[in-house]
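These notes are about the structure you will find just below.
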Amino acid sequence: MDELTSVFIQEGREQLQAMENGLLDLEQDPDNHDNINGIFRAAHTIKGASGVIECHYIENFMHRVENVLDRLRNGEIHVSGDLTGLLLRCCDQLGRLMDVLEAGDPEPSAEVQAAGESLQIELNTYTAHAAPVAGGAIVEVETDAAGDVHSSGGGVVNTDSWHISVRFGLHMLRGGMDPLSFIRFLGSLGEIIALETVPDVMPPAAEMDPESCYLGFEIRLQTRSSKADIERVFDFCRDDCELRILPPNSKLHEYLKLIHDLPEDDMRLGEILVRAGALTQAELDEGLRAQLQVRLPGAEGAAESTPIGEILVDKKVVHKEVVEAAVHKQTQLSEKKAVEARLIRVQADKLDQLIDLVGELVIAGASANLLAQRSGQSELVESTSILSRLVENIRDSALQLRMVQIGETFTRFNRVVRDVSKELGKEIDLIITGADTELDKSVVEKIGDPLMHLVRNCMDHGIEPAAVREARGKSRRGTVELNAYHDSGSIVIEVVDDGGGLPRDKILQKAIDKGMVQPTQTLTDQEIINLIWEPGFSTADQVTNLSGRGVGMDVVRRNIQNLRGSCEVNSTEGEGSKFTIRLPLTLAIIDGFLVGVGKAAYVIPLDMVVECIELKSNTADRDFLNLRGEVLPFVRLRELFEIDGEQPARENIVVVQHAGQKAGIVVDQLMGEFQTVIKPLGTIFRHLRGIGGSTILGSGDVALILDVQSLIHRKTRQEERSMHANSALPRSTQAN
Amino acid sequence: MKTIFLVDDSATILLSISNILGKAGYATEKAASGEEALRKFQSGVKVDLLITDLNMPGINGIELIKEVRKLPTYKFMPILFLTTESQQSRKMEAKAAGASGWIVKPATADDLLNTIKLVLR
């Protein structure tokens, strides 16, 4: 895809979002004229830009939409639920068309085209009574002028060139135009045979205003261009200059009419024309004689022009007021706009490249550090440590560049909640908090779909119909909340609803029916609720087209796990449910804690490390200990990864915490903090549990990064099972 | 080399016009809003021609033209504005504000360059 198209797609999607947000606001506040103008402007910009990149299917579609918006803007039609609904569906269609463009297809599929056509039919109902396009008047004038050429009377003047008479307006120079430009440009159409300057209106030097233009010209032009082409040259000054164009071989009387119409003295102008070679002296004499007999009294042209001038002035006054009022309102917006103007657009892959480079820099820095320490030169150690501090700063700033606010993703849900609640016939409000929470762009891109599923689920299965809510003593309107906040190195996104909560018994029954659990099994409430994450689980009595196909929740969980995140659900029956998604802040570089087992090195994300303690040797046969009165399960990496070598006399436990759960990881050595550039594992290792990636150490060795979350999960699950199995209190060992 | 100042809130249009102008041997200066353009003019940016969109949030094209014309340096500079077929009435308004001429969107590269040739000195 070329650069221009990708710029268009990005811009188009932004404008589309602006349009959609505007339409949603419009439903709440139909009389906000600024908003209507904003919507129109967004549609107009998309249309204009799509014309530039020659994407005609978008241009044509947006043209229809713009027509309706224009009528809305002019107050010819009014805001209604049907109209905003239609326009929102047009936004959807536009999104589909953008997809087509982005995919590089030559034109939309038949399905998309059909959708567009049916929308156009609906749009037409709003424009059906629109006035015909303006411009008819102009066409008429032109045919009139052409008719003149053939009118009878007077002999044909023997010349094969065009004759152009032009008297420029006084304000021409102040409008940034130069009379010479026109003449030069005229020269590019053909050959200028003769040119006479008519400076007659020039006042005496004392009264002359050097900023005004007093010039006129009589020009003979030989060209094959049409009259329209010649006229077009003077397009920009047509309104305030006098322009007459006579085609080759025009009739004499037309020249005479010209002479009369122009402001200069007839005789003098006649002489100029003769000098320019447009007329011969004989032709002029004959013409003037003939004209004397039928001379019309009075200067009609002048009488006509006055009212037009007045109208123009009137018009200007009106416009001035309108403009001033608009400016007053816009100054309030201008500050916000100024902030936006300071943004720089950067292509995402350039950023990714930078992050990659910073990653390499971190690794190279670590290796330099190591060598410096080995060399034992204190000056070298000092300078490399300064260097590595700077590298750390660069790393943070570079990662910051990729951080985007989650707000944009969240605001999309305004529309979803509106549409879905209408479809379901429920009354649901959406509350968003923490929209300014930042997280990595690549995470933001991938979190949209899982969130969509959760929000739809909440609305479909969670929130009860208004009548049921009232019966339960709740307000008629249900709420869905989207919250985002930072929590110890990860970002937490919550989807909360105040609906009926997850029905524990129903879930259990369903699971038993489906053979997912045995009727005899004892499960905790949390375990039952967690069954919803299992593949193929759905409790909705009726499958709606929103959710409830039973493929949802396990897909949601898998998507989130792919982002190195986790999700959990809490629910209180009758009061609502809360889905919590926990995601790492970034996917590229983390602060790690380096540990060693045997000869191998492992990295534990530092954010999860709580403390390190020494493991007493008397715990050899157990896998839990008493940490200040708390049971702390632990895993031995040596056993888990089946590492060869003697167990050292002293082992250490790294206490880690994830989502409120603590566990210990037993290792040989603690090697300290380490900046870790995460390198993904190859696809064959994708299903490996307990390892999240790899990194390269300063020495060039590879260290594996532990996936603490899955380690803890595994450990606590084991623990719970054994607790249920013998339901006896574990014997504890004092650690300290 | 002549320098042309482009003002448009659409990045697509800015990029496409500046591509055309660049190929034709013009230097370009760009601004994405009336405010940004006005700041540059107030700080005396050296340009030979201004091409601005009319319909922009904040300071719109017509206001920009008025303000630029007030600055002595740019009193006689040619100013073109971008418009569409449907905006005939705004042409008058923009001309009254001090514009020299207009370019109808979407314009072909030839239309654009011809118009520029017409107004540039």
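The values are calculated or read from the model by the stated rules, or taken from the named source; none is laboratory data. All values derive from a computational prediction rather than experimental measurement. As a convention, Cβ positions derive from the backbone with ideal geometry for all residues, glycine included, and neighbour counts pool all protein chains shown. Side chains are part of the model used for accessible areas, which takes the heavy atoms of the whole protein and leaves out ligands, DNA and RNA. Shrake-Rupley method; radii C 1.70, N 1.55, O 1.52, S 1.80 Å.
Quick rundown of the values:
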{"item": "Partner chain coverage, peptide B:8-20 - average Cβ within 10 angstrom", "result": "6"}
{"item": "For region A:221-237, Karplus couplings with θ = phi - 60° (6.51, -1.76, 1.60), whole Hz, Gly/Pro x", "result": "10, 9, 7, 9, 5, 7, 4, 4, 5, 5, 4, 5, 4, 9, 2, 6, 10"}
{"item": "Amide hydrogen neighbours beyond the local backbone of A:C55, cut-off 5 Å, H modeled", "result": "none"}
{"item": "Occluded residues from region B:89-112, i.e. those whose accessible area drops by 20 Å² or more once the chain is not alone (1.4 Å probe)", "result": "B:M92, B:E93, B:K95, B:A96, B:S100, B:W102, B:K105, B:P106"}
{"item": "Over region A:452-528, volume per residue of the alpha carbon convex hull, in Å³", "result": "151 Å³"}
{"item": "Cα convex hull of region A:1-66 - mean projected area over all directions, nm²", "result": "4.2 nm²"}
{"item": "Residues whose placed amide H lies under 5 Å from that of B:T52, excluding near-sequence neighbours", "result": "B:V7, B:L80, B:F81, B:L82"}
{"item": "Extension gain (nm, one decimal) between A:D239 and A:S118, 0.36 nm per residue minus Cα-Cα", "result": "39.3 nm"}
{"item": "Gap separating the Cα centres of region A:54-126 and region A:381-457, nearest whole Å", "result": "29 Å"}
{"item": "Nearest-10 value in Å² for the accessible area of A:R96, using the 1.4 Å probe", "result": "90 Å²"}
{"item": "Neighbour net charge for A:N414 - beta-carbon separation under 12 angstrom, K R +1, D E -1", "result": "-3"}
{"item": "Sequence-distant residues sharing a close amide H with A:I193 (under 5 Å, placed H)", "result": "A:R220, A:L221, A:Q222"}
{"item": "Estimated inter-spin distance, A:Q405 and A:S442, nm [label 7 Å along Cα→Cβ]", "result": "2.5 nm"}
{"item": "Candidate residues A:I344, B:I103: accessible-area rank, largest first, probe 1.4 Å", "result": "A:I344, B:I103"}
{"item": "A:I428 accessible area, 1.4 Å probe, all protein chains in place, Å² to nearest 10", "result": "10 Å²"}
{"item": "Hypothetical label at B:K2: residues of region B:22-49 whose amide nitrogen lies under 14 Å (7 Å Cα-Cβ projection)", "result": "B:22-29, B:47-49"}
{"item": "Chains A and B, summed buried accessible surface - 1.4 Å probe, Å², nearest 100", "result": "3700 Å²"}
{"item": "Residues of region A:1-17 buried by at least 30 Å² on assembly (accessible area, 1.4 Å probe, chain alone as reference)", "result": "A:L4, A:V7, A:E11"}
{"item": "Backbone HN-Hα couplings from phi across region B:56-70 [Karplus 6.51/-1.76/1.60, Hz, Gly and Pro as x]", "result": "9, x, x, 5, 8, x, 5, 4, 4, 4, 4, 5, 5, 4, 6"}
{"item": "Protein-only accessible surface order, largest first, of A:E534, A:E470 at 1.4 Å", "result": "A:E470, A:E534"}
{"item": "Dimensionless Rg over Rh [region A:404-584; C-alpha; Kirkwood]", "result": "0.96"}
{"item": "From phi via Karplus (6.51, -1.76, 1.60), per-residue ³J(HN,Hα) for region A:40-46 in Hz, x at Gly/Pro", "result": "4, 4, 4, 4, 5, 5, 4"}
{"item": "Distance between modelled label sites at A:E379 and B:R39, nm, 7 Å Cα→Cβ extension", "result": "4.6 nm"}
{"item": "Accessible area (Å², per residue) of region A:589-726, counting only protein heavy atoms and a probe of 1.4 Å", "result": "53 Å²"}
